[in-house]
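Undergrad: The structure that follows is given in the form of structure tokens.
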Amino acid sequence: MVDLFQVKDEWLSQRASFLSGNKVLATSDGGAIPAQTFAREIYRPRSAQDIADVISSLPETTPVASVCGGHESSNASMFANSDAIILDFIHLKSIEFHLDDEGALVTVGAGVVFRELVEALKAHQGALPVGTGPDVGVIGYIVNGGLSGYFSRRLGLLGQRVVQLTMVTAAGEIRVLTPEDALFFAMLGAGSALGVVVDVTIRVESDSAIQSAEQRGFSFATREQAVAFARGALRMLREDVLENDSVSMELVVTGTNALIATVIFYDSFNGSAAEFVQPLEDLAASLNLPVIIESRLGSWYEVAAALWPVIEGITGEPLAMLNHCVGTYGMPDDEILDFVSDTLIAQAPLDQANFSLVEIRTLGGAAMSRAKLPSGNCHHLFFVDLVTMYDTKGKTVGERQEIADLTTRVIDQARDVNGLTVDFSGTHSQPDDVDSSALASIIFGTEAMADYVTALKKQFDPHNRFRFHPYAKFLGTAG
């Protein structure tokens, strides 16, 4: 049975984690865009057959948007358009573990979010390269090229661990795909533009793949202190982490004046974890930065859930977000590291939007060596995510515009840095920016992969029903 909603006023505010920072700016009449979907109907299916029946019952030109967890950079699917229907997968919550000749597998429904999957994996002593957000939809994350800064160097991208998926095509056909099918790999990065993914089956690793993690947090009083710490920490990241596949590291600079460094030690690590992070402690001490966090995370589960309390504290009425990323294919040189510290961290609108984060992550390793998906994340070693977030309540449209302009100014400077790729991730970019210069070949990893995805789009969705992919403008008429 499919639930059908035609009263939509409260749906988006209940389901969206945030609104795009571009959607809370002034409209032509000077007002703010209302937080309401444009779609004419919202369906909540309970099975693949329900989805197939809905799609088959509609004219073949009717646009279809899919919503998993409600965490998306531009809210393209949630806003949709006035001709579209939305499929909200909130009822598709199945998580089923099973075994084959090679080990453990888990099949995850389209409505499952990371908190639910992580808790289930804990009970089965399993591990996966999950995202840090507890309410991010697992399948939405996979089919838009998601990455894991904590785990990808050891476990690869989550999409690289998928062995089977169930989808519904634009014609309403239910298909079960494996790596032998032409559509399979394209779905793991461009999936929401090619069909509706109902469930995925993922190869599970033992939680023993992660030994532990050391987390250190320091407070800073001035932006100059944050820049100085980042400059030193980035050298350590390059010299001690990026060439060492037994560890990964994330440095977060927050709008609440905190520097949080997390170093994850995999099962191949030999040595003292405490000694490994000592240079970070010495660096903070040399800058007279007070210690606010000193903890050891002893399991995969503790690492996966480490940021949940912080993320849950980020709320707004509504919360607005602009998301951009930069990174390198290989080892970042001094010019790039200096740009990240001296320009990106120095000029990011952390004061104006104090929920904002600059997240610096290590990729590569298994993510780079496994099968290439239509995702720029497969090809990058070094990753910086500028997440501009703020509560819109109490901010004028002019103040919101200032935040957007400051964010754009930093990213525009990044485009001029030799060797730095900008907006290469479908889950960490802002596709509704005006005049965005992101390229299909960058988003999907290579020009050949972009051409491959585009050809499949024309073949399997000739009427562009699934036009609400974050980068639909590369694949046909955007919604």
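The values are calculated or read from the model by the stated rules, or taken from the named source; none is laboratory data. Since we're looking at a predicted model, the values are computed, not measured. We place every Cβ from the backbone using ideal geometry, glycine too, and count neighbours over all the protein chains shown.
Undergrad: Can you spot a residue in the range 166-178 that is more than 14 Å from the chain's Cα centre (by Cα), at pLDDT 95 or above and over 27 Å from Thr61 (Cβ atoms)?
TA: yes
Undergrad: Before we move on, is Ser429 surrounded by fewer than 22 Cβ atoms within 10 Å (Cβ to Cβ), outside the structural domain of Ser13 (by TED's automatic domain parsing) and among the hydroxyl-bearing types (Ser, Thr, Tyr)?
TA: no
Undergrad: Mind telling me which of the residues Asp199, Asp267, Asp207, Asp245 ends up being out of contact with any strand residue (DSSP E or B) (no Cβ under 7 Å at 6 or more places or on another chain) and acidic (Asp, Glu)?
TA: None of the others qualify; the one that does is Asp245.
Undergrad: Related question: Which of the residues belonging to the range 147-190 are within 19 Å of Gly131 (Cα to Cα) and of a type in the set (Gly, Ala, Ser)?
TA: Ser148, Gly149, Ser152, Gly156, Gly159, Gly189, Ala190
Undergrad: Hey, can you tell me all the residues within the range 200-212 that are surrounded by fewer than 22 Cβ atoms within 10 Å (Cβ to Cβ) and part of a strand (DSSP E or B)?
TA: Thr201, Arg203, Ser206, Gln211, Ser212
Undergrad: Restricting to the range 350-367, what's the tally of residues that are touching a residue at least 60 places away in the same chain (Cβ under 8 Å), touching a helix residue (DSSP H, G or I) at 6+ places or on another chain (Cβ under 7 Å) and over 24 Å from Glu243 (Cα atoms)?
TA: Total meeting the criteria: 1.
Undergrad: Still on this structure, I have one more. State whether the residues of the range 25-45 include one that is surrounded by 17 or more Cβ atoms within 10 Å (Cβ to Cβ), outside the structural domain of Gly131 (by TED's automatic domain parsing), farther than 30 Å from Gln401 by Cα and in contact with a His (Cβ under 6 Å, 6 or more places away or on another chain).
TA: Yes, there is a match, as at least one residue in the range 25-45 is surrounded by 17 or more Cβ atoms within 10 Å (Cβ to Cβ), outside the structural domain of Gly131 (by TED's automatic domain parsing), farther than 30 Å from Gln401 by Cα and in contact with a His (Cβ under 6 Å, 6 or more places away or on another chain).
Undergrad: Taking Ala171 as the residue in question, decide whether it is farther than 30 Å from His469 by Cα and outside any helix (DSSP H, G or I).
TA: Considered against the rule, which asks whether it is farther than 30 Å from His469 by Cα and outside any helix (DSSP H, G or I), Ala171 comes out as no.
Undergrad: For the range 229-275, name all the residues that are over 21 Å from the mean Cα position of the chain (by Cα) and polar (S, T, N, Q).
TA: Within the range 229-275, Asn244, Ser246, Thr256, Asn257, Ser268, Asn270, Ser272 meet the criteria.
Undergrad: So, in the range 440-479, how many residues would count as being assigned to a loop (DSSP other than H, G, I, E, B), more than 15 Å from Gly189 (Cβ to Cβ) and modelled with pLDDT under 85?
TA: Going through the range 440-479 one residue at a time, the tally reaches 4.
Undergrad: Mind listing just one residue for me: the one in the range 213-223 that is in contact (Cβ under 8 Å) with a residue 24 or more places away in the chain and either among the basic types (Lys, Arg) or surrounded by fewer than 16 Cβ atoms within 10 Å (Cβ to Cβ) (or both) and, of those, farthest from Glu294 (Cα to Cα)?
TA: Within the range 213-223, the match that is farthest from Glu294 (Cα to Cα) is Arg223.
Undergrad: Here is a follow-up. Can you name the condition, by its number, that Ser94 falls short on among (1) surrounded by fewer than 21 Cβ atoms within 10 Å (Cβ to Cβ); (2) farther than 16 Å from Asp199 by Cβ?
TA: (2)
Undergrad: In the range 423-479, how many residues are under 19 Å from the mean Cα position of the chain (by Cα), touching a residue at least 40 places away in the same chain (Cβ under 8 Å) and more than 27 Å from Asp83 (Cβ to Cβ)?
TA: 6
Undergrad: Restricting to the range 368-394, and then to whatever is in a loop (DSSP other than H, G, I, E, B) and without any contact (Cβ under 8 Å) to a residue 60 or more places away in the chain, can you tell me which residue is nearest to Ser192 (Cα to Cα)?
TA: His380
Undergrad: For Glu180, state whether it is in a loop (DSSP other than H, G, I, E, B), in contact (Cβ under 8 Å) with a residue 40 or more places away in the chain, out of contact with any Ser or Thr (no Cβ under 6 Å at 6 or more places or on another chain) and among the acidic types (Asp, Glu).
TA: So Glu180 fails the test.
Undergrad: Given the criteria surrounded by fewer than 16 Cβ atoms within 10 Å (Cβ to Cβ), under 22 Å from the mean Cα position of the chain (by Cα) and in contact (Cβ under 8 Å) with a residue 12 or more places away in the chain, does Thr315 qualify?
TA: Judged against the criteria, Thr315 is a match.
Undergrad: Does the range 291-315 hold any residues that are under 15 Å from Phe355 (Cβ atoms) and charged (D, E, K, R), and which are they?
TA: Glu312
Undergrad: Report, by residue number, each residue of the range 207-231 that is within 30 Å of Gly103 (Cβ to Cβ) and of a type in the set (Gly, Ala, Ser).
TA: Selection gives Ser208, Ala209, Ser212, Ala213.
Undergrad: Right, something else. When Ala472 is evaluated against the numbered criteria (1) buried (at least 18 other Cβ atoms within 10 Å of the Cβ); (2) more than 29 Å from Thr388 (Cβ to Cβ), which criterion, by number, is the only one it fails?
TA: Condition not satisfied by Ala472: (2).
Undergrad: Can you list residue pairs whose Cβ atoms sit under 7 Å apart, with the first residue in the range 269-287 being more than 16 Å from Ala213 (Cβ to Cβ) and the second being among the polar types (S, T, N, Q)? Count only pairs 6 or more apart in sequence or on different chains.
TA: Once the first residue is more than 16 Å from Ala213 (Cβ to Cβ) and sits in the range 269-287, its partners that are among the polar types (S, T, N, Q) give Leu287/Gln225.
Undergrad: Continuing with the same structure: Evaluate the following for Leu344: is it part of a helix (DSSP H, G or I) and either not charged (D, E, K, R) or not assigned by TED's automatic domain parsing to the domain that holds Ser148 (or both)?
TA: So Leu344 fits the description; yes.
Undergrad: Moving on. Could you please give the count of residues in the range 396-437 that are of a type in the set (Gly, Ala, Ser), part of a helix (DSSP H, G or I) and either modelled with pLDDT of 95 or more or within 28 Å of Gly131 (Cβ to Cβ) (or both)?
TA: The qualifying residues number 2.
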